[in-house]
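Report on the following structure.
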Amino acid sequence: MIQALVDITKEYAGYESEVLQNVVRLRAGVIEGNNTGEAVAADGKLNKAMKQFFAVCERYPELKANKNYMQLSEELTGTEDKITKARQFYNDTATRYNTEIMTFPKSIVAAVFKFRRIDLFPL
């Protein structure tokens, strides 16, 4: 969906390609993250890049009037809302886990089995 939105925007904002290419590259980084830490870092960068992307889109009134752009933008907003809720659920669960492995006597078992803290996604 992001790629389709970027493609539509490229038609209107050809010279803004650096921002658009950055969004696509960072999106791939989130998908290809090998562990939670990499995914968290890539996700934060993607969120910043998407803000830049929408700022570019704001500069093109004819783009905002494009029906395909509007539809994709609405879908992307809905998807972002779902992702935010999923991040919050993950963070809540990870926080509970992190608390449990640091609480006595569970901390002893966690140390024996080498349980480690889990990184949280920035909100």
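Here is how the numbers come out for the structure above:
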| quantity | calculated |
| --- | --- |
| Number of the exception - residue 106 against (1) within 22 Å of residue 39 (Cβ to Cβ); (2) modelled with pLDDT of 90 or more; (3) not hydrophobic (A, V, I, L, M, F, W, C) | (1) |
| Positions within the range 66-105 being in contact with a Phe, Trp or Tyr (Cβ under 9 Å, 6 or more places away or on another chain) and basic (Lys, Arg), in sequence order | 87 |
| Residue satisfying all of: in the range 92-123; part of a helix (DSSP H, G or I) and of a type in the set (Asp, Glu); farthest from residue 48 (Cα to Cα) among these | 100 |
| Odd one out for residue 89 among (1) hydrophobic (A, V, I, L, M, F, W, C); (2) surrounded by 11 or more Cβ atoms within 10 Å (Cβ to Cβ); (3) not in a loop (DSSP other than H, G, I, E, B) | (2) |
| Looking only at the range 92-123, and only at residues there that are on the phi < 0 side of the Ramachandran plot and of a type in the set (Lys, Arg), the one that is surrounded by the fewest Cβ atoms within 10 Å (Cβ to Cβ) | 116 |
| Pairs with Cβ under 9 Å, 6+ apart, first in the range 36-53 and farther than 15 Å from residue 21 by Cβ, second of a type in the set (Lys, Arg) and modelled with pLDDT of 75 or more | 43/87 |
| Some residue of the range 66-77 being within 25 Å of residue 37 (Cα to Cα) and either assigned to a helix (DSSP H, G or I) or at pLDDT 70 or above (or both) | yes |
| Flag for residue 35 being modelled with pLDDT under 75 and either among the basic types (Lys, Arg) or within 15 Å of the chain's Cα centre (by Cα) (or both) | yes |
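The values are calculated or read from the model by the stated rules, or taken from the named source; none is laboratory data. Predicted, not measured: the structure shown is a model, and the values here were computed from it. With ideal geometry, Cβ positions are generated from the backbone for all residues, glycine too; neighbour counts draw on all protein chains shown.
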